[in-house]
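Some notes on the structure that comes next.
The values are calculated or read from the model by the stated rules, or taken from the named source; none is laboratory data. All of these numbers come straight from a predicted model, not from anything done at the bench. Heads up, the Cβs are rebuilt from the backbone with ideal geometry, glycines too, and the neighbour counts pull from every protein chain shown.
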Amino acid sequence: MGHLADWCFKRFDQSFVGDSASLYKTVSTDGGSGSGSANVCSLDSNPLNASTSSSASGCVHCANASVASGSGSPGNGQWPSCMSDGLYTFDSSVTSLSSSSVLPSSPSCPPVPSGSPVGSAGPVIDEGVPESSSSVAVLPQPECVAEAPSAEPTSFPSVPVASSSDGPACESPGLVDVQVDLAPGPAPLSSSVVVDVSAVPACSVPSSHPMLTRSKVFHRTVTNVGSAVSTYKVIVKAPPGLVIQVQPSVLSFKSLGQKLSFAVTVGAEVGNSMISGALIWDDGVHQVYIVYMGDLPKGDVSISDLHIGMLQDVVPSAASDLLVYSYRRSFNGFAAKLTADEANKMKGKEGVVSVFLSQKKQLHTSRSWEFMGYNKKMKRSVIESDIIVGMLDTGIWPESESFNDTGFGPIPYRWKGTCQNLANFTCNKKIIGARYYLTDGENGPEDFISPRDAEGHGTHTSSIAAGGLVSHANLYGIARGTARGGVPSARIAVYKICWSEGCSDQDILAAFDDAIADGVDIISLSVGSVIPMDYFEDPIAIGAFHAMKNGILTSNSAGNGGPALASVTNLSPWSLSVAASTIDRKFVAKVQLGNGQIYEGATINIFDLEGKMYPFIYGGEAPNATIGPSASYYSRFCFPGSLNSTLVKGKIVFCEYFTDPEGVMQAGAAGAVFQETGYKDYQFSYPLPLSTVNMNDGRMILNYLNTTENPTATIFRTTQDNNQFAPFVVSFSSRGPNPITADILKPDLTAPGVDILAAWSEAASVSDSEGDTHTTKYNIISGTSMSCPHATGAAAYVKSFHPTWSPAAIRSALMTTAMPMTSNNNIDAEFAYGAGHINPLQAIDPGLVYDAGEIDYVKFLCGQGYTVTNIQLISGNSSSCSDDTNGTVWDLNYPSFALSSTPGKSVTRVFHRTVTNVGRGVSTYIAVINAPPGLIIQVQPSVLSFEHVGQTQSFVVTVAAELGNSIISGSLIWDDGDHKVKSPIVAYASILQ
């Protein structure tokens, strides 16, 4: 396999205000000294901080302005300067810094230690980055000062880059960056500063002024670690609003280790949402491309021979050796190893809808069902055991009690799947099918080459959706109770598509191909892209479309890219996109000091110190002097290698900023208390006794340490407390608006995704941290990965009562019966929660449904500019696009209404909708309109009368809005006295127009 170096260009327009103003003296934006201002350059609060991210992306955030030395300043070390716009990024593939790759030293900013793991020196801006790419986030902020570097290097021992179960750290196979240098001399405080940073594969175009056009020049150097003699050509992907130019566009190498430089000029129209692009260096060696050809051909056609023939036309020799997958059970297409030129030739062949590079996608990682009203006495369908839930994930731990098949009858006769019965895996009447997909050979040493789950993620999601009832489930005594899935009597079909290195697009499509043909009823997929993709260059959207054609609803996680706007990535209108919200409990790990003071931390701590008081030490007082004069600064934050083991061993350590527990573990600490500056609306587990406290409590604890001769402390095991504000959408949950089709509201709804107890793989550790040997049968984790299977279980529950309902009808029932939420606890309103919080008990009797089928989506696609030829290939029939059949986005029969235009404009849209009566035979519904100032809503007719079940009625909604800088939220409710069929109506300003 050849090499691709892939950089992503992203821009998030969202300012973050820190909480460290009292710690550091600052530099004012005019270059003069200041103090106590809001312009603070610090290891500071960021909603996208490392603890909220499911994988490391290698971004270090410098908030608002550079830090001046002086009273309270960090010392002689230095952070990478902010340059002029408040953001500096560095490469997560650089695991340690040496004298040849040194961050400059200066008295003005706190340092990033060499060898620190990604996220250690500051908040991670983005998450879930594919292995071959490094992402950036751009924030509109006041200007910063770039200081001149000094010659004195700072060196740290090499340590591995930290990563989590929800995705690997960023790497760039083939081209690797080895040095990090800032251009000498102070940068002017202007918007035109040229950032000269070698080996930092992340580019930002920040702005403090929305809607201005900005441009920057980035200088990069890459080192050849692939083929000695090789030529890389640049491939640029730039959507509207983003201009990317690369000089030179070709890099030719003559030897290994050779370095070549290039410049990237990026221009962006800066607005209120994200713009994403990419550049790829391609050496022309074969990569896996997906050739999508739409629906299955009619007649007696050998699809495999067709695919081989197409390959032979482009690659005459060894075509069969290049074929990776032939998709032929549920839709038409194949995955093959091609060069970029060969892929371009394939695009022009008859019958091809799209050709796109297969990339890596990332996983989006008890009380929750009770919180939604489920209980042992709830109404259940007699055919629930005939429902088959297809789980596309990391596999399953079949021995878990959640998948016990005691009492299950025969497997449904319509099941056409198989169980890959390998030496270490066996199916039963609960787990009725299991397959695995591995074509790129990128599994890790801990992976099982079978459907067995080595990560824990797939076991967790499967038990949330359809696990059986298990009494006394708990995590080391925490959250003890009955674990259950949404449809505990349903069957599970397992499709293992994700491994320790991620989830390949070609494997995802192969799993869809099988799952549809096998006969599943619902597909659950807690996986997504880093950036949004065109519908027919996205394997999830493609698979979900063909699932819809076969009557199967696909439930998708919205993503863990929040709270940035426009970060939602699973967007297709024929699937269900699910955000994550809290439930009515939270976990706390209390810290008690020797003076009796108790502080409440937010962590899942499985360790019981039994109240024993341990010596308590401040990390800044236990520096590892061997790392140089800045040791005491690094040890304040407990970076790996920064602590003196002799001073720390057997003690609890206080660290001023949450980095990674590896540093205190390396030093032999008995436990740790971290001061956390980010969001605290969800918790993690760690491999040692640990609690995270807020900034104010952290200052009190630090004062205790500085004023007490022999300080002591203990950390209590986590206990459960009531969360009175639930449900609210958690900070990490991806937000709208929809970056692909602006006037379709995504996410669709929200479901529990925070601190969820569910089954776990006994091959995976509790914390997924290096060196953690603690295993468990049930674990507590958070993510839209957890909210997705809650929606899957709810959809399966509805289908068990209404087996003939279409995917759109099921989605409509879930959306229109969702519990209303408000912007009081969710400032992003419908962009955060869609139609509201899922309410499955109400969804089995919604009254009316907004139904849609393949023909409706074909009309929608016609209106989106897809060609007639491609529409016919996708649909598999003679569908045509014309003025009569082209459907506007506002005419798609969707259960929500969205309209957008440019900021400061007024906009009027007309929506055509049709509802089907699924409630009482004879009924009359009256339109109830909620229209706040700035929004005018009219409905014609305002009364709908039905005479029988199944009858349809149409109506027209006209919405006029005066658009400012924020979302305007209204609603339409059809009310018959028993049913309230609610749809959100959202108007907002968008730069995507």
How many residues does segment 763-787 contain that are in a loop (DSSP other than H, G, I, E, B) and either surrounded by fewer than 22 Cβ atoms within 10 Å (Cβ to Cβ) or in contact with a Gly (Cβ under 8 Å, 6 or more places away or on another chain) (or both)? 15
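Looking at segment 649-663, is at least one residue among the polar types (S, T, N, Q) and over 30 Å from ASN570 (Cβ atoms)?
Initially, segment 649-663 is screened for residues among the polar types (S, T, N, Q), giving 659.
Going one step further and asking which of them are over 30 Å from ASN570 (Cβ atoms), we end up with 659.
Scanning segment 649-663 turns up at least one residue that is among the polar types (S, T, N, Q) and over 30 Å from ASN570 (Cβ atoms).
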Among the helices (runs of 4 or more DSSP H) confined wholly to segment 839-927, which include 2 or more residues that are outside the structural domain of VAL798 (by TED's automatic domain parsing) and either buried (at least 16 other Cβ atoms within 10 Å of the Cβ) or at positive phi (or both)? 854-863, 868-875
State yes or no: is THR659 farther than 17 Å from ASN710 by Cα, in contact with a Cys (Cβ under 8 Å, 6 or more places away or on another chain) and not in a helix (DSSP H, G or I)? yes
For segment 939-983, the count of residues that are hydroxyl-bearing (Ser, Thr, Tyr) and either surrounded by fewer than 19 Cβ atoms within 10 Å (Cβ to Cβ) or more than 34 Å from the chain's Cα centre (by Cα) (or both) equals 6
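Which one is farthest from GLU676 (Cα to Cα) among residues in segment 626-647 that are hydrophobic (A, V, I, L, M, F, W, C) and in contact with a Ser or Thr (Cβ under 9 Å, 6 or more places away or on another chain)?
So the first thing to find is which residues in segment 626-647 are hydrophobic (A, V, I, L, M, F, W, C), and the list is 627, 631, 637-639, 643, 647.
Filter once more, keeping what is in contact with a Ser or Thr (Cβ under 9 Å, 6 or more places away or on another chain): 627, 631, 637-639, 643.
On the way: ILE627: 25, ALA631: 21, PHE637: 11, CYS638: 13, PHE639: 15, LEU643: 19 Å.
Once the filter is applied, the top-ranked residue is ILE627.
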So, first residue surrounded by 16 or more Cβ atoms within 10 Å (Cβ to Cβ) and modelled with pLDDT under 90 in segment 245-258, second residue aliphatic (A, V, I, L, M) and assigned to a loop (DSSP other than H, G, I, E, B), Cβ within less than 9 Å, six or more apart or across chains; the pairs are none
Which of (1) among the aromatic types (Phe, Trp, Tyr); (2) under 30 Å from the mean Cα position of the chain (by Cα); (3) surrounded by fewer than 24 Cβ atoms within 10 Å (Cβ to Cβ) is the odd one out, the single condition PHE639 does not satisfy? (3)
Here the residues within segment 610-656 that are in a helix (DSSP H, G or I) and of a type in the set (Phe, Trp, Tyr) are TYR633, TYR634
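For every residue, the table says whether it meets (1) part of a loop (DSSP other than H, G, I, E, B); (2) outside the structural domain of VAL470 (by TED's automatic domain parsing); (3) at pLDDT 85 or above.
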{"position": "GLY373", "(1), (2), (3)": "yes, no, no"}
{"position": "LYS379", "(1), (2), (3)": "yes, no, no"}
{"position": "GLY407", "(1), (2), (3)": "yes, no, yes"}
{"position": "ARG414", "(1), (2), (3)": "yes, no, yes"}
{"position": "ASN424", "(1), (2), (3)": "yes, no, no"}
{"position": "ALA434", "(1), (2), (3)": "no, no, yes"}
{"position": "ASN443", "(1), (2), (3)": "yes, no, no"}
{"position": "PHE448", "(1), (2), (3)": "yes, no, yes"}
Of the conditions (1) modelled with pLDDT under 90; (2) outside any loop (DSSP other than H, G, I, E, B), the single one that VAL389 does not satisfy is (1)
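One line per residue, one yes/no per condition, for (1) modelled with pLDDT of 95 or more; (2) more than 13 Å from ILE756 (Cα to Cα):
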| site | (1), (2) |
| --- | --- |
| ASP440 | no, yes |
| ASP453 | no, yes |
| ASN474 | no, no |
| LYS496 | yes, yes |
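May I ask you to say which residue of SER567, SER572 is more than 18 Å from MET786 (Cβ to Cβ) and either assigned to a loop (DSSP other than H, G, I, E, B) or not assigned by TED's automatic domain parsing to the domain that holds ASP748 (or both)?
Numbers: SER567 fails: more than 18 Å from MET786 (Cβ to Cβ).
Testing whether each residue is more than 18 Å from MET786 (Cβ to Cβ) and either assigned to a loop (DSSP other than H, G, I, E, B) or not assigned by TED's automatic domain parsing to the domain that holds ASP748 (or both) leaves just SER572.
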Just one of (1) surrounded by 23 or more Cβ atoms within 10 Å (Cβ to Cβ); (2) more than 22 Å from SER572 (Cβ to Cβ); (3) assigned by TED's automatic domain parsing to the domain that holds ALA454 trips up PRO803, so point out which. (1)
Examine segment 688-697 for a residue that is more than 30 Å from the chain's Cα centre (by Cα) and crowded, with 18+ Cβ neighbours inside 10 Å, and state whether such a residue exists. yes
What are the pairs, 6+ residues apart or on separate chains, where a residue within segment 545-572 that is closer than 20 Å to LYS361 by Cα has its Cβ under 6 Å from a residue that is acidic (Asp, Glu) and surrounded by 24 or more Cβ atoms within 10 Å (Cβ to Cβ)? ASN560/GLU127
Identify the residue in segment 575-609 that is assigned to a loop (DSSP other than H, G, I, E, B), modelled with pLDDT of 90 or more and among the aliphatic types (A, V, I, L, M) and, among all such residues, is surrounded by the most Cβ atoms within 10 Å (Cβ to Cβ). ILE606
